[in-house]
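One structure is given here, and the rest of the page talks about it.
The values are calculated or read from the model by the stated rules, or taken from the named source; none is laboratory data. Keep in mind that what you see is a predicted model, and the values were worked out from it rather than measured. All Cβ positions, even for glycine, are placed from backbone atoms using ideal geometry, and neighbour counts span all protein chains on display. These accessible areas exclude ligands, DNA and RNA; they are computed on the full protein's heavy atoms, side chains included. Shrake-Rupley method; radii C 1.70, N 1.55, O 1.52, S 1.80 Å.
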Amino acid sequence: MESGNGLANQAAATMLAAFDAYLARFAEVTERAKERFETRDWRGSQADVAERLALYTEHVKAALADLPR
């Protein structure tokens, strides 16, 4: 069984990794915005907006599932 500090450190590392993954994916999706705008790909732009909105929840759920118990 882990000590309280060990679990806290593990949980913090898990949350940081999830946040870093979220930021990286958000940046990837956002990078497409300029090209989609310039090519008037409105459906693609809308899909990117929806994806960016869903990313936060997706990464929070994944992080919660990965937290030590």
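Annotations for the structure displayed:
- Ordering 11-19, 33-41 by mean Cβ neighbour count within 10 Å, with the highest value first, yields 11-19, 33-41.
- Sequence-separation-based contact order of the chain, relative, with Cα cut under 8 Å and 6+ spacing, percent: 50 percent
- Surface per residue (accessible, 1.4 Å probe) for the chain, Å²: 78 Å²
- Per residue convex hull volume, Cα atoms of the chain, in Å³: 56 Å³
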